[in-house]
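S.K.: Structure incoming, see below.
Nothing in this text is a laboratory measurement; each read-out follows from the coordinates by a stated rule. On a predicted model such as this, the values are computed, not experimentally measured, just so you know. Please note: Cβ atoms are built from the backbone with ideal geometry, for glycine as well, and neighbour counts cover all protein chains shown.
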Amino acid sequence: MLLRKILRKIKLKVYDQKNIFSEISAKYSLIFSILVLSIITINFGFNKLLFKELNNSFILISSVFYCFIFFFKSILYINVLSFIKKNILLFLIILFVLLDIIRIFFYDLSLYNQDYRNLFFLFINFYFFFRSLKVIIKQKPLNNNKQVSPIKLLILSFATLISIGTILLMMPEISSKNNSISFFDALFTSISASCVTGLTVLDTASALSEKGHMIIMGLIQLGGINIIVFATFFALFSRAGGGIKQQQIISENFNSKTLLSGKSLLKKVLIFSILIEIGGALLILSLTNFDSNENKIFDSLFHSVSAFNNAGFTISNYFENSINLKLILSTLIFLGAIGFPTLSDLSKNISVYKKLKWTKLHLTTRISLVTSFSLILFGAITFIIFEANISKGSSIEKIVDGIFHSTSTRTAGFNSIDFSDFSNYATLLIFIFLMFIGASPGSTGGGIKTNTFTLMFYSALATIRGKKNIEIGTRSISQSLIHKSYVIFLFSLLIVFFGWTLLLISEKNIIDPINLLFEQVSAFSTVGLSVGETTNNLSFSGKIIIMITMFLGRIGTLLMAFSLMQKKQKANYQFPEAHLMVG
């Protein structure tokens, strides 16, 4: 009873100061989280005794601070249990932090794995960072008149991710030889990972340590799902629903018809990604024969993330002779390439009807699936016919190789065969065609997208048949969508053409122009395949051209989509129609 009276008196005295306390605690939580994140990162990259001691001290101080804030906030609430229920995740985190504090004072810290402890506190401080930022932004809302341009947000998000990735990759502990890699190599690798391309100037498996592989995996994850999603997610997270502009970004990026569907789809993106990647990692772990000295769990997770995000980065060569692993990777690549709207529509269709009903699927879903399967089949048949002699093993292994390379060529960049061994230029040209089309809208892959290609195909078909309306199944396609598809196609074609031309000028040591064209399309479509050692043989200028192409390939089509999304200005007059000769 006495304790209740004391708590009641404290609540009455401090209740009026609730908002002030919330604002102050948020500011200091933000500062502490930034300090802890910084010191954990420095300790991760340098691994010096001084940084280890600072790391442990900062974690302890911040842990005590977070516990104090939680305790004080719970006092301010009339019912403590309702506060805990409302903030169950925060309660569990504080419980973990308290246990860690007890462990520090009563047990020997050296007995525990410091790397895993740092990893847990990295996530914990990320949580407090975003939670504090949320409170600060809510209390001091941004000027509504100053709208953040989606184009600027997209560019800034990727530029920030690439910059952070470059700095992290230059730390000594990231290299397998404990020597910092050069700025240029770090920048190239960071762009390639952030843009989920897979082209490398370093041997990722041998040149980087396991810490380096962790950074690459993080860049792939953020870049693959698209950093604009995380930026927009933060806008929704911090404003309890977000504004029309923020939801418009999601809807356009994921080809959603309504703003509400765009908002709900954003949540599903994270759920689908985590579930598919964990499922893929478990399959790889159970069906792959790893060497005894390998980190099986991390290797499985890395390749699952790389495959689902269509990145093509590898840290081992197990899949070269494993049918099971090729099939798993092909499935993960396909799921990442068909797009989140398609995955969402498929899951909704199956959950509602208890089985897949084709006619009830959205047109976007049907186009993505039919076009993707058709292109994979076309590429596989091409590979089997022209390059059967390169693929070793039985007929089944050759068929699996055909499916694996056809699926990978469209978006991912995994390969178990050196493309410089191809006996026919036709195979390279067909693979260039597959790379240029790429993945489906709202996916982790690049290219002009399957829907763009399909709309252009039906538009040409309608023109040949003399039909005024463009129809797919029982749906009519608007002219604005057709115009948008042609603009994206022309924009992409110009980037490829000018990039290839510049490579032909700068790379006089590479005689075969087809190899350079393959490299340019691979960079633009964020595929990551290369003919032989083309990437490593590029000059300094050539590598810069490829880096710019990777960046433009990742954000270019989105930028074009956002620009086409702007409000159109209609003229009050119309000139007489001109009659021109065509063809």
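S.K.: Can you work out the FRET efficiency for the pair ILE511 and TYR127, with r the C-beta to C-beta distance and R0 = 45 Å, to the nearest 0.05? Kindly include the intermediate steps, with their values, before the conclusion.
M.R.: On the way: r = 54 Å, r/R0 = 1.21.
For R0 = 45 Å, the calculated efficiency reads 0.25.
S.K.: How much length is gained if the chain between GLU533 and ILE274 is pulled fully straight, taking 0.36 nm per residue apart and subtracting their Cα-Cα distance, in nm to one decimal?
M.R.: Numbers: separation 259, 0.36 × 259 = 93.24 nm, distance 3.39 nm.
That pair, GLU533 and ILE274, stretches by 89.9 nm at full extension.
S.K.: What's the ranking of 95-104, 523-532, 497-506 by average number of surrounding C-beta atoms within 10 Å, highest first? Can you show the working numbers first?
M.R.: On the way: 95-104: 14.5, 523-532: 28.0, 497-506: 16.7.
Those peptides, ordered most packed to least, come out 523-532, 497-506, 95-104.
S.K.: Could you state the orientation-averaged shadow area of the convex hull built on the Cα atoms of segment 317-437, in nm² to one decimal?
M.R.: 8.1
S.K.: Something else about it: Please state, to two decimals, what the Cα-based radius of gyration of segment 152-223 comes to when divided by 2.2 N^0.38 Å (N = residues).
M.R.: It is 1.01.
S.K.: Please report, in cubic angstrom per residue, the volume enclosed by the convex hull of the alpha-carbon atoms of segment 323-565.
M.R.: Enclosed volume per residue, from the Cα hull, is 140 Å³.
S.K.: Could you give the distance between the Cα centres of segment 497-540 and segment 156-180, to the whole Å?
M.R.: About 25 Å separates the Cα centre of segment 497-540 from the one of segment 156-180.
S.K.: Suppose a student asked you for the relative contact order of segment 323-565, using Cα pairs under 8 Å spaced at least 6 residues apart; what percent would you report?
M.R.: Averaging sequence separation for qualifying contacts and normalising by length gives 19 percent for segment 323-565.
S.K.: Just to verify a number: FRET efficiency for PHE106 and LYS355, C-beta to C-beta distance, R0 = 51 Å, to 0.05?
M.R.: The value I calculate is 0.35.
S.K.: How long are the semi-axes of the equivalent ellipsoid of segment 297-359, defined as square roots of 5 times the Cα gyration tensor eigenvalues? Whole Å, largest first.
M.R.: Those come to 29, 12, 10 Å.
S.K.: May I pose another question? By the gyration tensor of its Cα atoms, with a ≥ b ≥ c the square roots of the eigenvalues, what is the shape of segment 407-458: rounded for a/c under 1.5, prolate for a/b over b/c, or oblate?
M.R.: Cα axes put segment 407-458 in the oblate bin.
S.K.: Here's something else I'd like to know. Could you tell me how many cubic angstrom of Cα convex hull volume segment 429-561 has per residue?
M.R.: So the per-residue Cα hull volume is 112 Å³.
S.K.: Tell me, in nm to one decimal, what length is gained between THR501 and LYS467 on full extension, where the rule is 0.36 nm per residue of separation less the Cα-Cα distance?
M.R.: 8.5 nm
S.K.: Whole-Hz ³J(HN,Hα) for each residue in segment 424-437, computed from phi via Karplus 6.51 cos²θ - 1.76 cosθ + 1.60 with θ = phi - 60°, x for glycine and proline: what do you get?
M.R.: Using θ = phi - 60°, the values come out as 9, 5, 4, 5, 4, 5, 5, 5, 4, 4, 5, 5, 5, 5 Hz.
S.K.: For segment 271-392, what does the relative contact order come out to in percent, with C-alpha contacts under 8 Å and a separation of six or more?
M.R.: Relative contact order, segment 271-392: 19 percent.
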